[in-house]
Ligand code: 4AD
Ligand code: MG
């Protein structure tokens, strides 16, 4: 008999008779003559109940001894279940331990804290919760490629090793080798694929890059990690307003995709970790995202403070880089939906952003969402060669090191806009998981590096 997956069993249990399965034991209990194994194989988030009986099951005594975490092969009949919340169970004829797990298997059947599970990042994906979250991660990665492919974007593999600091924030990891001076200048891990994506947008019009990015930020918050994945589309002939439209369309597409293709996963998370999740996601796909100019946001925050509201940091002025508490207040309390902040003061944004006519702001936008804050940062790019060179100088950026990038402006660079969506931040939003370290398999952040 061929083995089949639990996913197939769930799909076809009404017409299935005898099945053979391989997978792992989540729990096992027995009462002498009858026993129950909760069994999973990773092909869907559900476990299957296996029933073994002294009267029906070969190796009944072996089945009683199998421990949580063990690998088993079973054969049996799909039968209707008497339990209310379960359509079927499998009455075992054959039972075989493929590999018994040691007694100290850490995932015994009890509630574990997220902190503890983070300390066993090599095992936590075997729990319902992490199995579900990482499955959603995989589905959304697929959806991202799907969205861009359907909309005629070309995928560009931008380099991981680079010699430029795209964001100019000085948060680089340096790359070295045994060989001294392997490269002719300092090499770093990329903080963003944007600059290279811009070069490709000038050849294909619509491109995107989707890969790991690295930032040596010391902030150990629940929203920062040192290695995260970023989706960065770049579109030639696109301005900031068209860009915000693209961001909103993209984010809603991904949420709709999840609601349709990760129904069971979202229902599970809704039940187990965040009871408002499903409704929140449904609301977002119907909501029109709010657009607020930075200067208006400053006015609102100031007026709230003068009405008596207290932030941890109440020093609000035009030119301030808003903290996450301010961003969250705007999208959670004032608007209660996703908010685009745009037209930021030029001093607090990157050198490549397009200067507005007012002489003080740049055509940049951040998308803020309730519960998290910033998930997207984007902008129209400065297309004027002289202006961008001047901006580099005022930021102390050496123009000869990125002359290739600046030179793009001299060869038909009419307009270009793009954004970066933090993949893990977005996953937090779509799963309701409140720590970024719990939506990426092996998180890296300031401090010890395990696994
Ligand atoms: O706002 P950022 O720094 O924008 C850029 O890197 C641009 N080059 C994007 C572009 O226009 N092509 O980062 C983009 C997003 C943030 O909004 C946030 O979601 C995420 O990346 N991000 C992080 N996610 C996790 N950990 C960190 N340390 C992050 N830093 C940024
Ligand atoms: Mg940003």
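The values are calculated or read from the model by the stated rules, or taken from the named source; none is laboratory data. The model shown is predicted, which means the values in this text are computed figures rather than measured ones. Cβ placement follows ideal geometry from the backbone for every residue including glycine, while neighbour counts extend to all protein chains displayed.
Miscellaneous remarks
- Filtering the range 415-433 to residues that are more than 12 Å from the chain's Cα centre (by Cα) and either assigned to a loop (DSSP other than H, G, I, E, B) or within 16 Å of ligand 2 (Cβ to nearest atom) (or both) leaves 415, 417, 418, 419, 420.
- For the range 252-265, filtered to residues that are touching a residue at least 40 places away in the same chain (Cβ under 8 Å) and not in a loop (DSSP other than H, G, I, E, B), the residue that is farthest from ligand 1 (Cβ to nearest atom) is 264.
- Candidates 140, 144 - the one that is farther than 19 Å from residue 68 by Cα, in the same structural domain as residue 233 (by TED's automatic domain parsing) and touching a strand residue (DSSP E or B) at 6+ places or on another chain (Cβ under 6 Å): 144
- Subset of the range 14-59 (residues that are over 29 Å from residue 124 (Cα atoms), surrounded by 14 or more Cβ atoms within 10 Å (Cβ to Cβ) and touching a residue at least 60 places away in the same chain (Cβ under 8 Å)): 16
- Answer residue from the range 350-383, given it is part of a loop (DSSP other than H, G, I, E, B) and near ligand 1 (Cβ under 10 Å from one of its atoms) and is nearest to residue 235 (Cα to Cα) among those: 352
Conditions (1) within 16 Å of ligand 2 (Cβ to nearest atom); (2) more than 21 Å from residue 403 (Cα to Cα); (3) modelled with pLDDT under 95; (4) surrounded by 18 or more Cβ atoms within 10 Å (Cβ to Cβ), marked per residue:
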| residue | (1), (2), (3), (4) |
| --- | --- |
| 154 | no, yes, no, no |
| 160 | no, no, no, no |
| 166 | yes, no, yes, yes |
| 178 | no, yes, yes, no |
| 195 | yes, no, no, yes |
| 198 | no, no, no, yes |
| 212 | no, yes, no, no |
| 215 | yes, yes, no, yes |
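- Of the helices (runs of 4 or more DSSP H) contained entirely in the range 274-336, those carrying at least 3 residues that are over 23 Å from the mean Cα position of the chain (by Cα) fall at 294-306.
- When we screen 396, 371 for residues that are closer than 27 Å to residue 279 by Cα, more than 15 Å from ligand 2 (Cβ to nearest atom) and modelled with pLDDT under 95, the only hit is 371.
- Qualifying residue in the range 133-142 (condition: more than 16 Å from ligand 1 (Cβ to nearest atom), within 19 Å of residue 249 (Cα to Cα) and not in a strand (DSSP E or B)): yes
- Across the range 384-405, the number of residues qualifying as surrounded by 15 or more Cβ atoms within 10 Å (Cβ to Cβ) and either within 16 Å of ligand 1 (Cβ to nearest atom) or within 30 Å of residue 437 (Cβ to Cβ) (or both) comes to 6.
Residue-wise test of (1) over 26 Å from residue 134 (Cα atoms); (2) more than 9 Å from ligand 1 (Cβ to nearest atom); (3) touching a helix residue (DSSP H, G or I) at 6+ places or on another chain (Cβ under 8 Å); (4) in the same structural domain as residue 414 (by TED's automatic domain parsing).
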| site | (1), (2), (3), (4) |
| --- | --- |
| 203 | yes, yes, no, yes |
| 207 | yes, yes, yes, yes |
| 212 | no, yes, no, yes |
| 228 | no, no, yes, yes |
| 240 | yes, yes, no, yes |
| 245 | yes, yes, no, yes |
| 250 | no, yes, yes, yes |
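- The set of residues in the range 218-259 being within 16 Å of ligand 2 (Cβ to nearest atom) and surrounded by fewer than 16 Cβ atoms within 10 Å (Cβ to Cβ) consists of 219, 221.
- Residue 73 falls short on exactly one of the conditions (1) without any contact (Cβ under 8 Å) to a residue 60 or more places away in the chain; (2) surrounded by fewer than 18 Cβ atoms within 10 Å (Cβ to Cβ); (3) closer than 27 Å to residue 135 by Cα, and that condition is (1).
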